[in-house]
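Encoded as structure tokens, the structure appears first; notes follow it.
The values are calculated or read from the model by the stated rules, or taken from the named source; none is laboratory data. Nothing here was measured: the structure is a model prediction, and the numbers come from that model. Ideal geometry is used to build each Cβ from the backbone, glycine not excepted, and the neighbour counts take in all protein chains shown.
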């Protein structure tokens, strides 16, 4: 079996960890290997269940409409869209030293383990 390289999410410091979630987002990757964006860092994507052929077709149709018919849909398990307001809220939570997104089960679990080991900060 070939060792396949995991796709990166732009120039972020996010490490993609295999999750066995069936939900996530499909992102359009252009034929040149780059993500299809609007020029402001927003990637063409659609929330879907893994293997949802109808959603993949919808994403492909949108990519073709915007001039990028060649490419492929790449699935990122466990990721979801957030609004600009949610993003700002997560940034504020992070500045306060809180877990930015309470739906990040890995971060919540790590915080619980830290509290068990070292106790809660008062």
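Of note:
- Boolean, residue 78 is surrounded by 14 or more Cβ atoms within 10 Å (Cβ to Cβ), closer than 27 Å to residue 34 by Cα and modelled with pLDDT of 95 or more: no
Results for (1) more than 12 Å from the chain's Cα centre (by Cα); (2) not in a helix (DSSP H, G or I), shown as yes or no for each residue.
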residue: 69; (1), (2): yes, yes
residue: 80; (1), (2): no, yes
residue: 92; (1), (2): yes, no
residue: 113; (1), (2): yes, no
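- Condition check for residue 69: exposed (fewer than 14 other Cβ atoms within 10 Å of the Cβ), in contact with a strand residue (DSSP E or B) (Cβ under 7 Å, 6 or more places away or on another chain) and within 26 Å of residue 26 (Cβ to Cβ): no
- Residue in the range 40-62 that is over 22 Å from residue 23 (Cβ atoms) and surrounded by 11 or more Cβ atoms within 10 Å (Cβ to Cβ) present: no
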